[in-house]
Structures are given as structure tokens and as C-alpha cells.
Amino acid sequence: MCHDRQLLSRLLDACDLAYAAYKINPQSACAVSHLRLHNIRKFVPHNTRLRPAYFIAVDHTQQTITWAIRGTKNISDVITDISGASTPLDGGRVHWGILQASKALLHEECGHLSSLTRSYPGYSVAIVGHSLGGGVAAMIAYVINTRVSLRRQFRCCPRISSISIAPPAVMSSGLAAASESWSSSVVYSHDPVPRLSPAAVVSLRNELLAVDWTEELRNTILEAEYTQAITAAINSAGYTTSAAAAQLQKLAAELLQSKHIQDLSATLNTVVYGRRGRPAAAAAVGDGSSFETALAGGSSGSSSSKSHSGSIAAGAT
């Protein structure tokens, strides 16, 4: 329980810091997080092509050096987002645009960050971000932790980790599994952003192409016809008990999945006539034989859903 509370506290702090990265100045960032102005060592509110905005802060209370990376805010960030072609890395695949953004940030700040870890030995490094920033945070943590030469620059730092809030799809499953010990992500419910990737789009396209849309349309039309017939049958069952009507509704709902007219008509006959005998009022349904007759168009020979409903409704009056 204690561990869970600590994890929750870390995740909530990361959410605040990721949000602070969207602010235009250090004062605004401090206003929405636990940081104080003297904690912030560098604040870069503007991005460039393939390099998002960010800030770096030192939190002495938690003995953490925080690198907060901003998510998508303008067209340059969108360009990074959509540069999503996968590129090979360490036997897996990664998001090309996010990889380039990670390289650009490491080129600018790796020396500064390693200098801070030497100034504060024992402090951990936490890289956080939302959306695009979360993806870049995860990629930077992966690159530092898997490159011996880079990790050696942070020898005074016991841990380099990332917390990503609603990140996009960044790396293939094998690389993600290798990152489990230092990377965490927070994804809300069915948020599409963390699930969207070129591979996912291709998979969706293949699924759509595999669907028999003609059959789906036919089934949809049949379902509409059955719904009309069932509604009329329920209305005509007013002389039955409420329990029988409820059973009729339940079975009718199940039959909508079967889309089979014979099963539908047989069940209607069983529910309405089976245990109570055939009521006199039912003699007016179609030619007086059963609901099957009414659903099949009755003596009129009509097969349209409109005729089905009309025949059943007429039997109830």
C-alpha cells in the first residue's frame, strides 16, 4: 500500500510538471507545480523544428533533477508528430520524428544535465512529458540507459527514469519491454493517441478491407425489418401476462443476433401461444395460423417489413 501511494504521488507530480512545460515562463510553471522559482535552472519556452520546448529543474526536497518536455502546441510540433515513419533501432522500430527530437535535445542538454548530476551526486534524473513530450521523454531515457558512453556521463546519478503522460506510440514491443525498469506511462481509458501508429493504421486498413460490406448491409437491413416485426409482436401481445411479454422482449433481443426469420417466428409462437394456448384475438393475425404467417407476409403474400408489422398490428386490434 505504501509503495502504491508513493507511485501515485510520483505520477501526480509528473502530471503537474508535464503541464508546467506548456507555460510561457518559469513563474507560470511554478504556479501549477510544486517547484519554486529557484528550482528552475533552464527554461526554454519555444520550440524549433524537431525540437520541443522544455525546462530543467532541481528539486532538493525529492533529490531529483527534472527534465520536463512540452507536448504538441504548434505546427512545428505537429510536424514532429506526423513524422511517424518507423526507423530501425537496436533490433526494433521507433518513431522517426521522436527519435530526431530526442537526439536534438540530448545534443543541447546532455552536458548540462550530466554537470548537474555531478553537482548533486545521488540525485536521480526524472524525464517527464505529455503527449509528444512524453514520447520524447521515454526515448531519451531509453537512449541514455542503453548507451554505455552516455550512461557513464551520469555515473553520479543512481537512476534515470521517464514518466510519460498519454504518449504516442514510440517504439516496438521488444524495445518497450527492455524499458520497463525505467519507464512508466499513464494512459487514460480509450485515448487513441497512445494507440495510433503507422502500423496500427495499416492493420485497421486490412481489417476494413477484409469485411464483406455487402453482407453487413444486408444484415443491417434485415435487423431493421426484424425490429419492426418484433415491436409489432410485442404490441400485439397485450393479452399475455407481463412475464410473458418480458420473456418475449428478452428472446427477441437474442434473436436479433441470429438474424434468422424461422427462429424468430418459432420463438414468437412459443412465447405467445406455447403455454397459454392460442388466444382468440390471435385469429386475426394473417390467415389465423401463427405469427410465422404474419412475419412471412400472411395471406397477402407480401414479404416487406412494412407488411409484416402491419399484419401483426392488425391482429392485435
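Data table
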{"item": "Environment charge of Pro26, counting only residues whose C-beta is closer than 11 Å and scoring Lys/Arg +1, Asp/Glu -1", "result": "+4"}
{"item": "Simple label model, 7 Å out from Cα along Cβ direction - Asn206 to Ala177, nm", "result": "1.9"}
{"item": "Under-5 Å amide H pairs with Cys156, H placed in peptide plane, nonlocal only", "result": "none"}
{"item": "Gain upon complete extension [Val187, Thr227; 0.36 nm per residue less C-alpha separation]", "result": "10.5 nm"}
{"item": "Dimensions (Å) - segment 1-102, Cα atoms, principal axes, largest first", "result": "40, 35, 18"}
{"item": "Size of segment 63-156 as Cα extents on the principal axes (Å, biggest first)", "result": "39, 31, 18"}
{"item": "Local electrostatic count at Leu175 - Lys and Arg +1, Asp and Glu -1, tallied over other residues with Cβ under 14 Å", "result": "0"}
{"item": "5 angstrom amide H check on Ile127, placed H, neighbours 5+ away", "result": "Trp67, Ser161, Ser162, Ile163"}
{"item": "Gain upon complete extension [Lys103, Arg5; 0.36 nm per residue less C-alpha separation]", "result": "31.9 nm"}
{"item": "Descending principal axes extents, segment 115-201, alpha-carbon based, whole Å", "result": "44, 22, 17"}
{"item": "Gain upon complete extension [Val32, Cys156; 0.36 nm per residue less C-alpha separation]", "result": "41.6 nm"}
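Read-outs: derived from the displayed coordinates by stated rules, not from any lab. This structure is a prediction, so every number in the text was calculated from the model and none was measured. In this analysis, Cβ positions are derived from the backbone assuming ideal geometry, glycine residues included, and neighbour counts consider all displayed protein chains.
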